[in-house]
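Have a look at the structure below before the remarks.
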């Protein structure tokens with residue numbers, strides 16, 4: 001038989017458990033998932049920390065990969081609130097598929113395509129002066145992202161085609177699943193040269209050298225948008241606004257990105 005004291009204790013425990021459960025639900029409701037291009041990893045990790053300080057109780061979870069696979073995940077129903085791509089083409093595909101919230105798309109940063117070589121390689125002391133130099137025997141393995149899914153690969157292919165080097169370089173390509181994988185190939189000396197973004201090269205500046213800045217047909221431009229199926233639309237909207245704000249732009253500038 002329950003005494004009044006036991007009943008009061010049980011009610012108190014039940015109330016506490018209920019409060020914890022409601023708190024967990026509230027916290028979960030404030031968790032936001034951002035899928036962002038691999039080249040944004042370091043900058044967006046800092047961005048997320050800064051944003052969370054402005055929104056107590058909000059937790060930003062990031063999913064970093066090549067833009068193509070990120071889009072495929074969203075198409076397959078992954079619970080994503082905000083999508084940031086390293087190119088306009090991927091975001092165009094997302095828009096065409098009806099995956100973006102109306103009016104939420106905006107450009108927020110630009111980057112530059114560069115050719116890098118391992119810091120300890122012979123090529124680092126006598127780096128290529130032009131893309132045509134990549135046709136020499138010194139460069140047997142050249143890395144870039146897989147063109148069908150990695151934006152840096154598409155920028156690279158277009159630049160190589162414009163330079164008339166497509167046929168000469170075809171046997172030399174080593175493809176990475178993201179721009180960061182290409183960066184790692186070069187930093188470890190597994191390839192003789194690689195095409196990455198300037199911001200990536202700055203991360204491994206002790207292990208790689210920038211040999212060339214490579215002109216691109218279109219600017220290396222980064223768009224961001226809310227995902228139409230987001231369950232946290234208000235928080236997602238605020239995050240996009242923060243990325244584009246003066247505070248967000250200062251963070252991006254600190255990692256080598258330029259304004260759109």
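Please treat every number below as a calculation from the coordinates, not as lab data. Quick caveat: nothing in here was measured; it's all calculated off a predicted structure. No Cβ is skipped: glycine too gets one built from the backbone with ideal geometry, and neighbour counts run over all protein chains shown.
Students often check this: by mean Cβ neighbours within 10 Å, which of 87-98, 65-76 ranks highest, and how do the rest follow?
On the way: 87-98: 16.4, 65-76: 20.1.
Output ranking for 87-98, 65-76: 65-76, 87-98.
How high is the relative contact order of region 111-214, given as a whole-number percent (alpha carbon pairs under 8 Å, six or more residues apart)? Walk me through the numbers before you get to the answer.
On the way: 204 pairs, mean separation 50.2, N = 104.
That works out to 48 percent.
What number do you get for region 154-234 when its Cα radius of gyration is normalised by 2.2 N^0.38 Å, N = residues?
Details: Rg = 16.0 Å, N = 81, 2.2 N^0.38 = 11.7 Å.
The reported ratio for this selection is 1.37.
With 10 angstrom as the radius, rank 205, 237 by how many other C-beta atoms surround their C-beta, starting from the fewest. Don't skip to the answer; put the middle values down first.
Values: 205 12, 237 16.
Fewest-to-most ranking of 205, 237: 205, 237.
Ignoring solvent entirely, what values of log10 I(q)/I(0) come out of the Debye formula for region 44-182 at 0.10 Å⁻¹ when each Cα is a single scatterer?
-0.46
What is the helix-to-structure angle for 4-29, meaning the angle in degrees between its Cα long axis and the longest Cα principal axis of the chain, kept from 0 to 90 and rounded to the nearest 10?
30 degrees
Whole number please: convex hull volume per residue, Cα atoms of region 112-250, in Å³.
On the way: hull volume 17.9 nm³, N = 139.
Given the Cα convex hull of region 112-250, per-residue volume reads 129 Å³.
Counting other C-beta atoms within 10 Å, which of 59, 207 has the fewest, and how do the rest follow?
Details: 59 14, 207 17.
Ascending Cβ contact count within 10 Å gives the list 59, 207.
Quick one: 175, 155, fewest Cβ neighbours within 10 Å first, how do they rank? Each step should come with its number before you reach the end.
Working: 175 16, 155 27.
Listed from fewest to most nearby Cβ atoms, that is 175, 155.
Largest first and to the nearest Å, give the Cα extent of region 41-111 along each principal axis.
35, 29, 24
Quick check on region 115-182: take the gyration tensor over C-alpha atoms, sort the square-rooted eigenvalues as a ≥ b ≥ c, and tell me if it's rounded (a/c under 1.5), prolate or oblate.
Oblate is the answer for region 115-182, as a/c is 1.5 or above yet b/c matches or exceeds a/b.
Compute the Rg/Rh shape ratio of the chain: radius of gyration over Kirkwood radius, all on alpha-carbon atoms.
Details: Rg = 23.1 Å, Rh = 20.1 Å.
Result for the chain is an Rg/Rh of 1.15.
Output the direction-averaged projected area (hull surface divided by four) of the convex hull of the alpha-carbon atoms of region 79-146, in nm². Spell out each step's value before the answer.
On the way: hull surface 29.9 nm².
With every direction weighted equally, the projected area is 7.5 nm².
Measure nothing but the geometry: give the 0 to 90° angle between the long axis through the Cα atoms of 233-244 and the longest principal axis through the Cα atoms of the chain, rounded to 10°.
Roughly 40 degrees, rounded to the nearest 10.
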